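Here's the structure we're looking at; comments come further down.
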Amino acid sequence: MSRSGDGSLSRLVPGAIRRRFVYKYVAVVVLAMALTAGVGVYFSASATATLDGQVEQQVTATAQLQANELDSWVDGLGHQTRTISEAAPFQRGQRDEIERYLLNRLQDARPDIVAIHYVKISNATILASTDPGVEGTEMKSRGVPWADNAATVDNGTDTVSSVYVADTPYNATDGTPVVAFISAPPRNTEHVVVVEAALSTWGGFQQTTDGAFTTVRDADGPLVYGQDHAGVSVPDGALSSNQAGFARGSETAVGYAPVDNTDWTVVTHVPGQQAYALRNQLTRTIGALVILPLVVLGGAMLVIGRRTGSALSDLTATTEQMREGELDVACETDRVDEIGRLTDSFDAMRVALQDQIEAAERARKEAEVSRAEAVAVNDYLQKRADEYSTVMEQCAAGDLTVRLEPDGENDAMDRIATDFNEMIDELEKTTGQLTRFADEVAETGKTIESSAYSLQDASEQIAESIQRVSIDASEQQDRLETISTEMDAVAETLERYAEDHSELDMTEPLSRIKGVASMVSEVAAVSNETTAEAETVAGAAEEQAAELNEVTGQAEKLSQYASPLGEVLDRFKTEADQEFFFPSGPGNRAKQETDD
């Protein structure tokens, strides 16, 4: 039997889990916990990546800003060095003028300038200086790094207004770490002006994070500015990079940026706790938001799942017993939730099932009794049906005298017998009437045929007599018209004769002759009318003879049709002939005459 949920997805679930609600519940809770943890990890990783990116951008931007500040300081000193080297005394090369200029210039110089020297570049010898104690000495003897590369410095200052930055620090005569800015006078390139500036007097770098610090290092790694910190190292490749970058150490976040026109790199160190404080706080918050639902779900799984699983197990065991036929088991619980209502429903179903089983048993016994009765009734009906079938076959064969006998055992069968008998009675009566009707029709047809022949002969004789009368009347009319004409001629002759013989009185004879002529004319007219009426009567007699001829034909057809009907009806057997009453016709008249 198929069950809902047997789809492709449910088939992927192990059978042990599908068969136990507790396992399903635990699996769902574990899945929910895994999804919650996954979502938390995802959001935590996303937030961490975003905040790490912000830290990287911030630290790198700080290093770049600090490098820009140092680059501005270098540019400012380079510009001032170029301005000093372009002074007229340096271009003329007069030492006394240069010394006076240096003394005056030092008083107006920036505070970060420690000393200014006028040096012969070929051997790096100081010819004039704001520090008189070093005049006439060679820079090499003081351990100045750039003095070992005097030729390189000379080539770098050959271009007018160019400034060579000797970015490797060394100590001035007073021990202050300085860097040198070197520029050759425009018309005195065999000599250079060296300005020594102390980074220690520079304002330094502003920090945006507590505990952060910045150092400036040379390309080879020596510290140019700042202080070394134990356990803090410079990221690999940072000092050789030509662009700003970021590196994450074990305890610090490091941003670095190169300083233009120098080999320096500004390296900014930010403690990891301060740099990633927001990220760590957010991670802890997300972790708490994830762990708290996981703890709640785990607790619910342990408490609700255990109680629900136990209740369902008990209910399952009870239903198994009920399925095996043990309906006396108890289905009781003190729970008021859906499981409690389900248990109560099973108990109500158990009671209802018991009642239904008892009712079904009673119905089974009643059905057995009814079945026995039905078998007896069926046998009786089969027997009666055979009897009825025999009688109906006899009726169908033409014997309308047989009848069905009701026995009073079954009302329906008795009604069938009664109705059938009434129907056969009517059929028998109708058959007898039809037989009588066929005989009457045949007799009437013969009578009508005989009468029609007689009437036809009489009509033909009448027509012939009238025809002869008509001919005689026509001939008489002709003679009378001739007589009337002749008498009119006689009268006219007598009138002319009377006119010629006035002495004769011809009035009375003329009057009688005219009266006779008029009478003859009237008789001729009457004879004409008589002839017309005789012709009309003759036509009517001929039409009647034609109609009688048609009636004779119809009577012959009626006799032909009635004869086969009588033959068919004679096949039926009836108790007695039935009388069929004609409202009119020869048979009815004969019957009336007999009755009279």
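A few points about this structure:
- Against the empirical curve 2.2 N^0.38 Å, the C-alpha radius of gyration of region 144-192 lands at a ratio of 1.18.
- Summing +1 for each Lys or Arg and -1 for each Asp or Glu among the other residues whose beta-carbon sits under 11 angstrom from that of Thr173 gives -2.
- Ordering of 62-73, 206-217, 394-405 by burial proxy (mean other Cβ atoms within 10 Å per residue, highest first): 62-73, 206-217, 394-405
- Shown in residue order for region 135-145 are the 3J(HN,Hα) couplings computed by the Karplus curve 6.51 cos²θ - 1.76 cosθ + 1.60 at θ = phi - 60°: 5, x, 9, 8, 5, 4, 5, 8, x, 7, x Hz (x for Gly and Pro).
- On the principal axes of its alpha-carbon atoms, region 376-429 has extents of 37, 18, 11 Å, going from largest to smallest.
- Charge tally in the Cβ shell below 14 Å around Ala115, where Lys, Arg are +1 and Asp, Glu are -1, Ala115 excluded: -3
- Total formal charge among the other residues, if their Cβ is under 11 angstrom from that of Glu99, Lys/Arg +1 and Asp/Glu -1: 0
- For region 50-275, the Rg and Dmax computed from alpha carbons only, in angstrom: 19.3, 65
- Inter-probe distance in nm under a simple model that places probes 7 Å from Cα toward Cβ, at Asp414 and Glu366: 2.7 nm
Computed from the coordinates by the stated procedures, all read-outs in this text should not be read as laboratory data. Just so it is clear, the structure is predicted and the values come from calculations on it, not from any experiment. Counting neighbours? That spans all protein chains shown, and the Cβs are built from the backbone with ideal geometry, glycine included.
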